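The values are calculated or read from the model by the stated rules, or taken from the named source; none is laboratory data. None of the values given here were measured: they were computed from a predicted structure. Using ideal geometry, Cβ is built from the backbone for each residue, glycine included, and neighbour counts are taken over all protein chains shown. Protein only, heavy atoms only, side chains kept; ligands, DNA and RNA dropped before computing areas. Shrake-Rupley method; radii C 1.70, N 1.55, O 1.52, S 1.80 Å.
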Amino acid sequence: MNRLLILLGVFMLPGLCASAQPADSLRRIGDVDTGPVTMLRAADGNDMVLEVAGFGITLGQAPHRGSSQKSRSHSRVKGLLFDGIEMGFNLLTGVDYAGYPAETADFLDLRAGNSFHFGITPVGLSVALDRKRRFEFSTGLRYTVDNYRLSDNSITLGREGGMIVPLPLDEKADKSKLRITSLGIPLQFSFDPVRHLRVAVVGYCDFTLGSNAIYKKPKEKSSLSGVNPFRFGFGGSLSYRGFGLYVRYGVTPLFKSGAGPACHPVSFGVCVFM
């Protein structure tokens, strides 16, 4: 009898669905009970359950294919690719030239409209904190390029005596700037107050990959030390259907202490979430 019931379950499995049944939703069918093998009927009367050594196999109609896809769609963890694109402008706030001679003051004045910021998260991960995904936490690896275009294109930046200083050029360049590339880890919390509208706050930790003083034409580029190797900041964004505005503020000074003027970077512009 045991072998007959087991074979019956094996042959019926291809067209049937297997699922666990709670004990209080099952009742025994007559006297079909042979030790480790028991035949039970579900409380709704529609399915039968073959219980073998404590494991239940439901014998009934398989659920609709759409229902399994719907359950998968509720997965709370999602991977992100090329998300959180930022394109905007840079400013320097609280610039303090203490320790510099008066004639070199204001050498970090910027052309804000030409000081460009670009950031993107090539890979990331988001976790929904509720079923409707109104609250979400996300992180990843973020690549950032910050250009600081100097107002005075007759100078470039260099390092003398352990300090970042302006160096005069033989003739005015078309443009002179400081470029910093970094790789960071953003920690973002977002909230959707209404459908398609998203409010997000983010804290980020950026690690400097390179910093260069650049002027052209012709293009000349030289490495510039003195930028903080690690920078912490925070920001926020407001977006609708994935398009919106962002702002970032650097809590950590842009330059190491004593290596350059004390200042904090600010960036603002548009953002796109895929």
_When you check Glu136 against the structure, is it open to solvent by 80 Å² or more (accessible area, probe 1.4 Å) and charged (D, E, K, R), yes or no?_
no
*asked:* Looking only at segment 229-251, count every residue that is closer than 18 Å to Gly203 by Cα and open to solvent by 30 Å² or more (accessible area, probe 1.4 Å) and tell me the total.
replied: 9
*Quick one: would you say Leu167 is under 22 Å from Asp109 (Cα atoms), in contact with a strand residue (DSSP E or B) (Cβ under 9 Å, 6 or more places away or on another chain) and part of a strand (DSSP E or B)?*
yes
*asked:* Residues that are part of a strand (DSSP E or B), within 22 Å of Val127 (Cα to Cα), open to solvent by 50 Å² or more (accessible area, probe 1.4 Å) and not basic (Lys, Arg): does segment 265-272 have at least one?
replied: no
*Could you tell me whether Tyr143 is hydroxyl-bearing (Ser, Thr, Tyr), open to solvent by less than 70 Å² (accessible area, probe 1.4 Å) and out of contact with any Asp or Glu (no Cβ under 8 Å at 6 or more places or on another chain)?*
no
*Of the residues that make up segment 105-118, is at least one among the small types (Gly, Ala, Ser) and assigned to a strand (DSSP E or B)?*
no
*Within segment 225-260, can you find the residues that are of a type in the set (A, V, I, L, M) and more than 18 Å from Phe116 (Cβ to Cβ)?*
Leu238, Val251, Ala259
*Given the conditions (1) part of a strand (DSSP E or B); (2) surrounded by fewer than 17 Cβ atoms within 10 Å (Cβ to Cβ), which single one is not true for Ser225?*
(1)
*asked:* So in segment 186-195, with the set limited to residues that are touching a residue at least 12 places away in the same chain (Cβ under 8 Å) and open to solvent by 70 Å² or more (accessible area, probe 1.4 Å), which one is nearest to Tyr148 (Cα to Cα)?
replied: Leu187
*So, in segment 121-154, of the ones that are closer than 20 Å to Leu254 by Cα and of a type in the set (A, V, I, L, M), which residue ends up farthest from the chain's Cα centre (by Cα)?*
Leu150
*Select from segment 86-106 the residues that are open to solvent by less than 40 Å² (accessible area, probe 1.4 Å) and at pLDDT 95 or above and list them in ascending order.*
Glu86, Gly88, Asn90, Leu92
